[in-house]
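Take a look at the structure set out below.
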Amino acid sequence: GPVTEEDVAAVQKFMQKEGMEAWNSRLRKNEDGSLDILFAAHIPRNKPPRKEDKGEFEGRKISVVYGDYGELLGPVVHHLQEALKFVANDTQAEMLKAYIEHFQTGELEAHKESQRKWVKDMGPAVETNIGFIENYRDGFGERAEFEGLVSAVNREQSKKFDELVGRAETLLPKLPWPKEFEKPSFTRPDFTALDVITFANSGVPVGINIPNYDEVRKEVGFKNVHLHNVLASRFVSKDDIPFIRAEDQEMMKTKRTASFEVQVGLHELLGHGSGQLLYEEEAKKVTNPLTGKPCESWYNQGQTWSSVFQGLASSWEE
């Protein structure tokens, strides 16, 4: 039969117990009712996927299989290996090697390492990212969709966002919650405006704040990205907007791009870029501003924002 919500919930508990994350995985139910957790990884032609029997959990036989999308990831690995010939610096080379390891093995830690290097590669002329990144389309908010981005930095537009980043340490304390809810130290992020060359995904956003791995964000920070030509293309129409008064039409048309740029900048830098996940030891030291008492709830080890809030996570966060 088909995968049920109960199957997904059981696998979620199993993965949390095992310290596994679901970003680059899918779930398959076999005819005998057993469940396979499929991790995306390249497998050489004519070789079977690597399978690990994990025994029974809550009455379900569970196996972990590395090799999902195996043939499709072959060219990805090949072209990443070819790209090593054209890196601009050692950080980019280390980033590509981590990508290659991740797509060859399916091990998530390798992709986390690629993102550490990606964050440290500040101000490249050509900006790229690839992997299973955003989990918006997963009903449980854990499994991510594959995407690949190639873009060129728009230097003129980037100057605006660099100035915004320069003011972040002044702006963050003005947010309506105690400083204990913020990361212990502010790591100045890279915030650039990009002109997209290709974005292989089901949808193209106007701004990005990644990586989504909380531990990487705490360790090395993150990058904010404004996709300038995506935003500009949304407002090319000169037609009047039906629900706006005639006397406001011209102001709307001339100001909407610039105002939306400010909105995207604040959304990425002070929205996605602020705050931290509080675990038990930290949370007990923090006063809940709504009650005036110590926090009474927190994240357990192995939990993430997405795994706790599941289907609500993406829409609530945005």
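The values are calculated or read from the model by the stated rules, or taken from the named source; none is laboratory data. Source: prediction; values computed, not measured. Positions of Cβ are backbone-derived with ideal geometry, glycine not excepted, and every protein chain shown enters the neighbour counts. Accessible surface is based on the protein model in full, side chains and every heavy atom, while ligands, DNA and RNA are left aside. Shrake-Rupley method; radii C 1.70, N 1.55, O 1.52, S 1.80 Å.
Screening segment 129-154 for residues that are under 22 Å from Val77 (Cα atoms) and touching a helix residue (DSSP H, G or I) at 6+ places or on another chain (Cβ under 7 Å) and picking the one that is surrounded by the most Cβ atoms within 10 Å (Cβ to Cβ) gives Gly131. Picking from residues in segment 125-150 that are without any contact (Cβ under 8 Å) to a residue 40 or more places away in the chain and in a strand (DSSP E or B), the one that is farthest from Glu5 (Cα to Cα) is Val126. Filtering Ser297, Ser259, Ser274 for residues that are modelled with pLDDT under 85 and either closer than 30 Å to His111 by Cβ or in a loop (DSSP other than H, G, I, E, B) (or both) leaves a single hit, Ser274.
Considering only segment 160-167, I want to know if a residue exists there that is open to solvent by 70 Å² or more (accessible area, probe 1.4 Å) and in contact with a strand residue (DSSP E or B) (Cβ under 7 Å, 6 or more places away or on another chain). Among the residues of segment 160-167, at least one is open to solvent by 70 Å² or more (accessible area, probe 1.4 Å) and in contact with a strand residue (DSSP E or B) (Cβ under 7 Å, 6 or more places away or on another chain), which makes the answer yes.
Quick one: in segment 224-238, which of the residues that are out of contact with any strand residue (DSSP E or B) (no Cβ under 7 Å at 6 or more places or on another chain) and open to solvent by less than 60 Å² (accessible area, probe 1.4 Å) is nearest to Leu269 (Cα to Cα)?
Leu231
Of all residues in segment 63-79, one or more are within 22 Å of Leu38 (Cα to Cα), open to solvent by 30 Å² or more (accessible area, probe 1.4 Å) and outside any helix (DSSP H, G or I). Filtered by the rule that a residue be in a loop (DSSP other than H, G, I, E, B) and open to solvent by 70 Å² or more (accessible area, probe 1.4 Å), segment 1-48 gives Gly1, Pro2, Glu31, Asp32, Arg45, Asn46, Lys47, Pro48. Looking across segment 155-166, just one residue is touching a helix residue (DSSP H, G or I) at 6+ places or on another chain (Cβ under 7 Å) and either more than 14 Å from Asn224 (Cβ to Cβ) or among the β-branched types (Val, Ile, Thr) (or both), and that is Val165. Restricting segment 194-223 to residues that are in a loop (DSSP other than H, G, I, E, B) and of a type in the set (A, V, I, L, M) leaves a set whose member that is surrounded by the fewest Cβ atoms within 10 Å (Cβ to Cβ) is Val204.
Here is a yes/no grid of residues against (1) within 22 Å of the chain's Cα centre (by Cα); (2) of a type outside the set (Ser, Thr, Tyr):
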| position | (1), (2) |
| --- | --- |
| Val262 | yes, yes |
| Ser274 | yes, no |
| Pro289 | no, yes |
| Pro294 | no, yes |
| Thr304 | yes, no |
